[in-house]
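One structure below.
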Amino acid sequence: MADQKPALFLDRDGVINVDQGYVARVEDWQWIEGAHECVARFKARGWYVFVVTNQSGIAFDHYTEADMNAVHKHMSQGFAAAGTAVDAIYSCPFHPEGSNPRFRKDSFDRKPKPGMLLQAMAEFPLKREASFLIGDKQTDIDAAHAAGVGGFLFTGGRLDHFAEWALASFEDGSR
Ligand SMILES: [Mg+2]
């Protein structure tokens, strides 16, 4: 088995990019300051970095999976241009009240449930007790706790600065 490494889980909308409602077009993508630096820094210290994002706009037919994938390609290209990359992007298109029957379901992947995080743990040898999530909603934090990792509510500012503060307080054992 490969060496276990800690993981930083990042919510997408409101953490990596500005949450302007449903972000489904590259033109609407606006980076949160410090997002590239945050990913680069954690990758450089030997962490996994994962994106875990609810995308119920697909269940409500606001946009398609192809639209989301195009946005994620744009995001990945942005990280690549900064010389870094996330290890995987997990997304959940489902919603229990979705208008599209294909995506109308109470999914275990939809935060506050922990499915996406548990999937990452099944796919990568990660050190759960050393891992944490940054999200901008309580449902993100609830998903983190349900998966047995720490959770920090992003309060704005630069993401890299917030993540360094989160890491320091996590290592302190205060979360
Ligand atoms: Mg969010």
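Do you know which residues across segment 61-81 are surrounded by fewer than 18 Cβ atoms within 10 Å (Cβ to Cβ) and in a loop (DSSP other than H, G, I, E, B)?
Listed by number, the residues that qualify are 61, 62, 64.
Yes or no: residue 15 under 15 Å from the mean Cα position of the chain (by Cα) and either modelled with pLDDT of 95 or more or closer than 16 Å to residue 136 by Cβ (or both)?
Yes: the conditions hold for residue 15.
If you check residue 55 against the conditions, is it within 13 Å of the ligand (Cβ to nearest atom) and either of a type in the set (A, V, I, L, M) or within 16 Å of the chain's Cα centre (by Cα) (or both)?
It is true that residue 55 is within 13 Å of the ligand (Cβ to nearest atom) and either of a type in the set (A, V, I, L, M) or within 16 Å of the chain's Cα centre (by Cα) (or both).
In segment 33-60, what residues are surrounded by fewer than 17 Cβ atoms within 10 Å (Cβ to Cβ), part of a loop (DSSP other than H, G, I, E, B) and small (Gly, Ala, Ser)?
46
Filter segment 134-156 down to residues that are touching a residue at least 60 places away in the same chain (Cβ under 8 Å) and under 17 Å from residue 34 (Cβ atoms), then give me how many there are.
Summing the residues that are touching a residue at least 60 places away in the same chain (Cβ under 8 Å) and under 17 Å from residue 34 (Cβ atoms) in segment 134-156 gives 4.
Would you check which residues across segment 1-32 are away from the ligand (no atom under 16 Å from the Cβ) and either open to solvent by 10 Å² or more (accessible area, probe 1.4 Å) or closer than 25 Å to residue 99 by Cβ (or both) and list them?
Within segment 1-32, 1, 2, 3, 4, 5, 6, 25, 26, 27 meet the criteria.
The values are calculated or read from the model by the stated rules, or taken from the named source; none is laboratory data. Everything quoted here is computed from the prediction, not taken from an experiment. For neighbour counting, all protein chains shown are included, and Cβ atoms are generated from backbone atoms with ideal geometry for every residue, glycine included. Just the protein is used for accessible areas: all its heavy atoms, side chains included, with ligands, DNA and RNA removed. Shrake-Rupley method; radii C 1.70, N 1.55, O 1.52, S 1.80 Å.
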